[in-house]
Every structure is written in C-alpha cells, then in structure tokens.
Amino acid sequence: MPANYQSISKAAWQIRRDLLTMIYEAQSGHPASSLGMADIFAALFIGKILRHDCKRPDWDKRDYFFLSNGHISPVFYATLARDGYFPKEELKTFRQINSRLQGHPHFASDPKEKLPGIENSSGPLGQGLSQAAGMAIALKMEQKSNKVFCMMSDGEQQEGQIWEAYQFITHHHLNNLISIIDCNNIQISGTIKKTLSLGNLKLKLMSFGFKVLELNAHDLTDIFDKLESAKNESKQPVIILANSIPGKGVSFMENDYKWHGKAPSESEFHQAINELNIKEKEL
C-alpha cells in the first residue's frame, strides 16, 4: 500500500465530483459505472499501479491501458486530467462537437486531435479486449516487458467476441495482459441477472485457463493488493472481478440501473455534489 493512501482516496472523491459535473453540464453521459470505478482509476493512475508518465504519454516503456466499456469515459477523462495529462479546464468540453473528450474515447493519430493517455477507440462493447490482446501479443513478439491492462464491464461478457478473445489470450499464454471486469450487476435495461445471466463467471473464466482474482472496488488496500499480485503473476493471464457499487457515493444513484446512462437534473446534481463533499471531508 503506498504511503500516500489518503491523497489517492481523496483524489477518487474529487474524480467523482469532476465526472458528475461533466455529465451534468453536457446533460449526457453515464454516471453509475463511472462513479463505481473511481477508486480503481485513482489507484491505477494516481497511485501509479500503471507504469506511466503524464509528461511522456508515448513513453515506450509505459504500461498500456485499454478501455473497452467506453461509456465510462467520464471517469477516465477526469482521472487523466487530475493526473496531469491535459488541463482540467478541458473537462468542460465533454461531449461537445470537435472536443477531444467524446462520449467514447477516440484514438487519433493527428496531434491536434489526439488526447494524451488514450490508447484505443471504443464504442461497440466487447471489442476492447481483442484490441488489448493484439497489443499484448505484439509486445511478447518484441520481447518487451510492458504490461497491458484492459477494463471491461460485466454486461460486455454477454458479447461473443469477448469469449473469442479469451480463447486467443489463453492459447497464446498472454501473461502480460491483466483484465479487469467491473462487476456492478447493471446494464441499461436492468440487472445483468435478469437481462442475460452470466452464471458462474469466475468458474467459466478459470475453465478457460485464467487466474481469477476478486476485489472490493471501494477498498484501496484490496485494490492495490490484488492489482500488484496480478502484475507479479508470470504463469497465467489474469482477470480481476472488481465488485463495485454503481453510483458509489450518491445515495439515490447507488445500485439503481436507471442511472446507467442518465444525466442528473439541477436539484439532483447539487444533492449529489453535496453528498460527495461530505464523503471527502470524512477522510
């Protein structure tokens, strides 16, 4: 556990405020899962679990981060801005025409359009893992030690392409790839269990040949412990099941699938920000 534990925790609550402000001002976006993943993003970037440098986003020794469930871009953008990849002021352009901060992250080769820290374009769910696997096998072929991280949602596990990627990853023994699944049990139309149950996901993944770890997505000690364990694993590719509370920190959003992709009203926004402020002050 890093010495600056409290500052990382504080940053996670600030990220929650930032992302909610972005969604409210745009009147568009996905608050539930974004709020639920704030602690993990803070640990990865601000806590430096990822080997990276905001001043050298294309550093050849960096770890790569692929976001497959691109609709949680608000938490990604808010984290990158707070970590110094681009000015925090730019968060105000979220989802505006010609903004670098689109609803789903966009990888651009043009320096004028490129947003530092973005490694892949995302949109249709289920594709990010294949992109990450491609990077992982390329790094293996070049005998490089970089790690590849891929964030997915549990709803994405309903996609066939995910399972094709799992076969590819275990067949090629891509032990340099660490996958994280946000297990919050919601999607746009309801709960995962009622929409299309995944059954015993952990057992299925183990049968494919993965080392499967579970963590509490709101306990930084557990997050650091499991992610460091995954980075040190050399025998198998690792998948982490991150059990999270969608809408974490906002009482009326928590565990309510209706907040999957809905922006708050003015009164809801102010109530949410007030609750987040209180939580931060309790640290």
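The values are calculated or read from the model by the stated rules, or taken from the named source; none is laboratory data. Please read all numbers here as calculations on a predicted model, not as lab measurements. As a convention, Cβ positions derive from the backbone with ideal geometry for all residues, glycine included, and neighbour counts pool all protein chains shown.
Among residues of the range 185-203 that are over 19 Å from I239 (Cβ atoms) and touching a residue at least 24 places away in the same chain (Cβ under 8 Å), those with a beta-carbon under 7 Å from a residue that is among the small types (G, A, S) and in a loop (DSSP other than H, G, I, E, B) at least six positions away or on a different chain give the pairs I188/G261; T195/S189.
Taking into account only those residues within the range 174-197 that are closer than 21 Å to A132 by Cα and not hydrophobic (A, V, I, L, M, F, W, C), which is surrounded by the fewest Cβ atoms within 10 Å (Cβ to Cβ)? Give the derivation first.
Narrowing the range 174-197 to residues closer than 21 Å to A132 by Cα: 174-183.
Filter once more, keeping what is not hydrophobic (A, V, I, L, M, F, W, C): 175-176, 179, 182.
Working: N175: 18, N176: 22, S179: 29, D182: 25.
Residue satisfying both the conditions and the ranking: N175.
Considered as a group, the residues in the range 198-232 that are surrounded by 14 or more Cβ atoms within 10 Å (Cβ to Cβ) and assigned to a loop (DSSP other than H, G, I, E, B) include one that is farthest from the chain's Cα centre (by Cα), and that residue is G209.
For (1) surrounded by fewer than 24 Cβ atoms within 10 Å (Cβ to Cβ); (2) closer than 22 Å to A263 by Cβ; (3) without any contact (Cβ under 8 Å) to a residue 40 or more places away in the chain; (4) aromatic (F, W, Y), each residue gets a yes or a no:
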position: Q27; (1), (2), (3), (4): yes, yes, no, no
position: S34; (1), (2), (3), (4): no, yes, no, no
position: E90; (1), (2), (3), (4): yes, yes, yes, no
position: H104; (1), (2), (3), (4): yes, yes, yes, no
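Among the residues here, E282 qualifies as modelled with pLDDT under 95, farther than 15 Å from G36 by Cβ and surrounded by fewer than 21 Cβ atoms within 10 Å (Cβ to Cβ).
Has the range 57-69 got any residue that is closer than 18 Å to K262 by Cα and of a type outside the set (S, T, Y)? Outline the logic, then answer.
Step one: list which residues in the range 57-69 are closer than 18 Å to K262 by Cα, which gives 69.
Then keep just the ones that are of a type outside the set (S, T, Y); that gives 69.
Within the range 57-69, one or more residues are closer than 18 Å to K262 by Cα and of a type outside the set (S, T, Y).
With the requirement that a residue be on the phi > 0 side of the Ramachandran plot and either of a type in the set (A, V, I, L, M) or part of a helix (DSSP H, G or I) (or both), what does the range 233-250 give you? First the steps, then the outcome.
So in the range 233-250, the residues on the phi > 0 side of the Ramachandran plot come out as 247, 249.
Those that are on the phi > 0 side of the Ramachandran plot and either of a type in the set (A, V, I, L, M) or part of a helix (DSSP H, G or I) (or both): none in the range 233-250.
For the range 154-161, state whether one or more residues are touching a Lys or Arg at 6+ places or on another chain (Cβ under 8 Å), surrounded by 15 or more Cβ atoms within 10 Å (Cβ to Cβ) and free of Cβ contacts under 8 Å to residues at least 40 places away in the same chain. Checking the range 154-161: not a single residue is touching a Lys or Arg at 6+ places or on another chain (Cβ under 8 Å), surrounded by 15 or more Cβ atoms within 10 Å (Cβ to Cβ) and free of Cβ contacts under 8 Å to residues at least 40 places away in the same chain. Would you call K140 modelled with pLDDT of 95 or more, over 21 Å from F76 (Cα atoms), of a type in the set (D, E, K, R) and not in a helix (DSSP H, G or I)? When the stated conditions are applied, K140 does not pass them.
For D83, are the conditions met, namely being touching a residue at least 12 places away in the same chain (Cβ under 8 Å), among the acidic types (D, E) and in contact with a helix residue (DSSP H, G or I) (Cβ under 8 Å, 6 or more places away or on another chain)? Yes: the conditions hold for D83. When the residues of the range 83-130 are filtered to those that are charged (D, E, K, R) and in a loop (DSSP other than H, G, I, E, B), the one that is farthest from S179 (Cα to Cα) is K112.
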